[in-house]
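To start, the structure under review is shown below, and the notes come after it.
Every number here is computed from the coordinates shown, using simple stated rules; none is lab data. Every value quoted in this text rests on a predicted model; they were computed, and no experiment measured them. Please note: Cβ atoms are built from the backbone with ideal geometry, for glycine as well, and neighbour counts cover all protein chains shown.
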Amino acid sequence: MNWQKSFKKYAQNLAPEEACGLLANIKGEKKFWPCKNLADSKQTFFMIDPDDWVECEDSGEILGVIHSHPKGVATASEADKKACEYIGFPYYIYSIETDSWDSYLPSDWLSKKLIP
């Protein structure tokens with residue numbers, strides 16, 4: 001199962017809360033790494049558990065942040081854009097409602113490759 005299908009299933013199981021995780025290169029393969037959402041308002045925000053981030057980083061190379069929008073479109077919100085710019089990793093967003101994907105790259109991102 002590819003990382004997008006894996007995340008889609010994960011997000012649907014957590015709805016109506018936002019699901020979150022990381023896209024990582026683990027042993028040469030792109031994988032979805034599930035993370036706990038520590039946000040107070042999980043239905044509208046996400047905050048990746050730092051312990052999950054470290055565990056993923058210890059297992060491979062982090063390539064991006066993945067999260068879901070249970071309601072609405074997959075387009076990055078202003079909060080998503082600011083957070084993406086701050087951490088410097090691409091954001092991959094899945095909309096459960098529209099069953100679609102979008103991505104947002106930080107302005108200084110060197111790679112122009114989006115969702116494979």
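State whether segment 1-53 is rounded, prolate or oblate according to the following rule on the C-alpha gyration tensor (a ≥ b ≥ c being the square roots of its eigenvalues): a/c under 1.5 gives rounded; otherwise a/b larger than b/c gives prolate, and the remaining case gives oblate. Don't jump to the answer; show the numbers that get you there.
Working: a/c = 3.66, a/b = 1.49, b/c = 2.45.
Oblate shape, in that a/c is at least 1.5 and b/c is the bigger or equal ratio.
Which peptide among 19-25, 30-36 comes first, and what is the full order, when sorted by highest mean count of other Cβ atoms within 10 Å?
Values: 19-25: 23.6, 30-36: 19.6.
The peptides rank, most packed first, as 19-25, 30-36.
Under a point-charge model restricted to the Cβ atoms of Lys and Arg (+1) and Asp and Glu (-1), what is the dipole moment magnitude of segment 1-95 relative to its Cα centre, in debye to the nearest 20? Please list the in-between numbers first.
Numbers: 11 positive and 14 negative charges, 108 e Å.
In debye, rounded to 20, segment 1-95 gives about 520.
If I require 20 Å or longer along the helix axis, counting alpha carbons, and a Kyte-Doolittle average no lower than 0.0, what helices from the chain are left? Use full DSSP H segments.
Details: long enough: none.
Going by DSSP H runs, there are no hits.
Convert each backbone phi in segment 66-76 into a coupling constant with the Karplus relation 6.51 cos²θ - 1.76 cosθ + 1.60 (shift: θ = phi - 60°), then list the ³J(HN,Hα) values in order as whole Hz, x for Gly and Pro.
So the Karplus estimates, Gly and Pro as x, are 10, 8, 10, 10, x, 10, x, 7, 7, 4, 4 Hz.
Going by amide H atoms built from the backbone, whose H comes under 5 Å of the H on His69, apart from near neighbours?
HN-HN under 5 Å from His69: Tyr94, Ser95, Ile96.
Using all C-alpha to C-alpha distances in segment 1-101, build P(r) with 5 Å bins and read off the rounded percent in each one.
Per 5 Å bin, starting at zero, the Cα-Cα P(r) for segment 1-101 comes out as 3, 14, 25, 28, 20, 8, 2, 0 percent.
DSSP beta bridges in the chain, what fraction antiparallel, as a percent rounded to 5?
Values: 19 of 24 bridges.
Among the beta bridges of the chain, antiparallel pairing accounts for roughly 80 percent.
I want to verify a result. In a Gaussian network model of the chain, Cα cutoff 10 Å, which of these has the top mean-square fluctuation: Asp58, Asp102, Asp80?
Asp58
Given the DSSP H assignment, sum -39500 (n - 2.57) over each helix run of at least 4 residues in the chain and divide by its residue total; what's the result at 222 nm in deg cm²/dmol, nearest 500? Walk me through the numbers on the way to the answer.
Details: 3 runs with 32 residues, N = 116.
Dividing the helical sum by the residues of the chain leaves -8500 deg cm²/dmol.
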